[in-house]
Amino acid sequence: MFITFEGIEGAGKSTAIEFLVEYLQGHGYDPVTTREPGGSALGRRLRSLLLDVRTTGLCSRAELFLFLADRAQHVAEVISPALEAGQVVLCDRFTDSTLAYQGYGRGLDIEYLRGLNQAATGGLQPELTLLLDLPVRCGLERAGERNRATGIVIAEGRFDSESLDFHERVRRGYRALAEEEPERFAIIDASQPPEDVVLQCRSAIEAHLRRRGRGLD
């Protein structure tokens with residue numbers, strides 16, 4: 001089972017994944033957690049370039065192809081092998097991030113991006129996508145607090161420093177994507193306390209499995 005987590009900056013994806021690992025392990029699963037960018041050895045090098053505030057002058061197309069290179073290697077090296085081994089994969093960002101950020105945020109053509117995603121992943125799609133949604137100002141405040149606390153304001157703050165309007169476009173993009181594919185997406189109210197967010201994620205996973213005649217032991 002391949003589950004992806006999407007949302008604007010500060011939505012709490014990493015925290016939700018951390019708690020869901022324990023939940024799935026308690027039901028006999030051995031989940032693999034990974035992220036984009038940075039899920040592979042190549043991706044970790046690309047992450048330091050893509051998210052660093054000191055990376056300036058990067059045009060939208062160059063940014064796009066760096067993310068796609070990360071994704072292609074990530075699928076080949078991490079995600080596909082884990083899925084073939086029968087493991088649950090929990091991934092912090094995947095193809096929908098490209099549509100939301102480079103499409104709705106940067107203004108690149110959505111259908112063009114869908115084709116490039118298809119090429120980069122070999123057609124791999126998430127089975128379930130949890131969209132952690134919250135107001136942009138709230139998310140950016142959380143992201144700023146997190147980055148200051150962990151000392152990564154410079155190293156991973158490039159997208160945080162984008163305009164409020166950019167992040168509003170990204171959020172609207174995510175919600176538009178969720179409306180297009182309601183069977184795949186579950187919208188989670190990420191403005192709630194972390195424990196409530198996790199409960200919503202758990203319920204979404206359980207509902208998804210029931211729809212497919214499966215369940216957690």
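The values are calculated or read from the model by the stated rules, or taken from the named source; none is laboratory data. Only a predicted model underlies this, so the values are computations on that prediction, with no experimental measurement involved. Ideal geometry is used to build each Cβ from the backbone, glycine not excepted, and the neighbour counts take in all protein chains shown.
One table, with the values for the structure above:
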| item | result |
| --- | --- |
| Filter result (charged (D, E, K, R) and touching a helix residue (DSSP H, G or I) at 6+ places or on another chain (Cβ under 6 Å)) within the stretch 37-77 | Asp70, Arg71 |
| Search result, residues across the stretch 163-217 that are basic (Lys, Arg), modelled with pLDDT of 95 or more and within 24 Å of Gln25 (Cα to Cα) | Arg184, Arg202 |
| Top-ranked residue of the stretch 78-95 - restricted to ones that are part of a helix (DSSP H, G or I) and crowded, with 16+ Cβ neighbours inside 10 Å, ranked as nearest to the chain's Cα centre (by Cα) | Thr95 |
| Some residue of the stretch 96-110 being in a loop (DSSP other than H, G, I, E, B) and farther than 18 Å from Phe159 by Cβ | yes |
| Hits in the stretch 19-43 - residues which are in contact (Cβ under 8 Å) with a residue 12 or more places away in the chain, under 23 Å from Asp189 (Cα atoms) and either assigned to a helix (DSSP H, G or I) or among the small types (Gly, Ala, Ser) (or both) | Phe19, Leu20, Val21, Tyr23, Leu24 |
| Residue in the stretch 108-124 that is of a type in the set (Phe, Trp, Tyr) and either within 23 Å of Glu9 (Cβ to Cβ) or touching a residue at least 24 places away in the same chain (Cβ under 8 Å) (or both) present | no |
| Unmet criterion (only one of (1) assigned to a helix (DSSP H, G or I); (2) surrounded by 14 or more Cβ atoms within 10 Å (Cβ to Cβ)) for Asp196 | (2) |
| Qualifying position, being within 25 Å of Ala204 (Cα to Cα), surrounded by 14 or more Cβ atoms within 10 Å (Cβ to Cβ) and in contact with a helix residue (DSSP H, G or I) (Cβ under 6 Å, 6 or more places away or on another chain), among Leu177, Leu108 | Leu177 |
| Subset tally (residues that are of a type in the set (Ser, Thr, Tyr) and closer than 30 Å to Pro193 by Cβ) for the stretch 99-136 | 3 |
| Selection from the stretch 1-18 of residues that are outside any loop (DSSP other than H, G, I, E, B) and within 25 Å of Gly157 (Cα to Cα) | Thr4, Phe5, Glu6, Lys13, Ser14, Thr15, Ala16, Ile17, Glu18 |
| Condition check for Leu124: over 14 Å from the mean Cα position of the chain (by Cα) and in a loop (DSSP other than H, G, I, E, B) | yes |
| Residue that is surrounded by the most Cβ atoms within 10 Å (Cβ to Cβ) [pool: residues in the stretch 6-31 that are charged (D, E, K, R) and over 15 Å from Leu131 (Cβ atoms)] | Glu18 |
| Which numbered condition Arg146 misses (of (1) surrounded by fewer than 18 Cβ atoms within 10 Å (Cβ to Cβ); (2) in a helix (DSSP H, G or I); (3) in contact (Cβ under 8 Å) with a residue 60 or more places away in the chain; (4) of a type outside the set (S, T, N, Q)) | (1) |
| Condition met for Gly157 (surrounded by 14 or more Cβ atoms within 10 Å (Cβ to Cβ) and either without any contact (Cβ under 8 Å) to a residue 12 or more places away in the chain or not in a helix (DSSP H, G or I) (or both)) | yes |
